[in-house]
Amino acid sequence: DAGDYNCSVSYNNLISSEDTAALSVVSLSVSTDNVLVFSGTDSSTIVCTATGAPPNTLQWVNSNGTIINTTASDANSAIVQKGSFDGMSQHINLTIQDGHKDEMYTCEVTWDMDEFKDYASIVVVDHPIITATGGTWNVYDGSSTTVTCSYFTTNFIIPTVVWSFNGNTVFATRNNSTLGESYYEISSASASDAGDYNCSVSYNNLISSEGVLQQSDQL
């Protein structure tokens, strides 16, 4: 539907007046899912694209509302490179570098002096960490231990945690979504408790990552 629309008025077959207006259909998109997962040493670039007309503003901001500029990294090791409008679209790239923190980034765009606005957000998460009581996977026969899965939690996206033992789904003993921790407790360890404990975390039904530990039944 984008293009030039013309209105012409005639009187007694004489063209008296006409006017033409151009209609632009604008949109905003990002080049990744709304959850981006990678380890702390990875680097990834997300492209945000405003299409249809030159935007008035086009920028990336973090969850604190701070605009990420083109010349310096913010506290979460993110930098921005902004292109020019090419007649069809304009791109602004956000590069998440190593040493990042779990964070939400939003690409914001406005057209025609803020009359039209749009935004797209992504959440950057790291892999969960799985640990056992005292930092050891070796437990005495008959003793107790707790396996803890620590993961990123946010008010914007609610994670789902699934446990498995030797490939079979088991249920967490308890969860603390505020701290971002899920617990699997073993009250009296026996040989049948030895094996692989797996914690899988998904955000908005996207499997993000999983951690595995090996536990033996005797020290």
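The values are calculated or read from the model by the stated rules, or taken from the named source; none is laboratory data. From a predicted model like this one, the values you see are computed outputs, not experimental measurements. So basically every Cβ, Gly included, is an ideal-geometry build from the backbone, and we count neighbours across all protein chains shown. Just the protein is used for accessible areas: all its heavy atoms, side chains included, with ligands, DNA and RNA removed. Shrake-Rupley method; radii C 1.70, N 1.55, O 1.52, S 1.80 Å.
Residues in segment 28-53 that are hydroxyl-bearing (Ser, Thr, Tyr), modelled with pLDDT of 75 or more and either loosely packed, with under 13 Cβ neighbours inside 10 Å or outside any strand (DSSP E or B) (or both): Ser31 only. A search for C-beta distances below 7 Å between a residue of segment 191-202 that is closer than 15 Å to Thr173 by Cα and any residue that is among the small types (Gly, Ala, Ser), counting only pairs 6+ apart in sequence or on different chains, returns Asn198/Ser164; Cys199/Ser182; Cys199/Gly211.
Of the candidates Asn93, Asn56, Asn76, the single residue that is surrounded by 14 or more Cβ atoms within 10 Å (Cβ to Cβ) and at pLDDT below 75 is Asn76.
For Asn62, state whether it is at pLDDT below 70 and either open to solvent by less than 50 Å² (accessible area, probe 1.4 Å) or not aromatic (Phe, Trp, Tyr) (or both). Show your work before the answer.
On the way: at pLDDT below 70: no; either open to solvent by less than 50 Å² (accessible area, probe 1.4 Å) or not aromatic (Phe, Trp, Tyr) (or both): yes.
The answer is no for Asn62.
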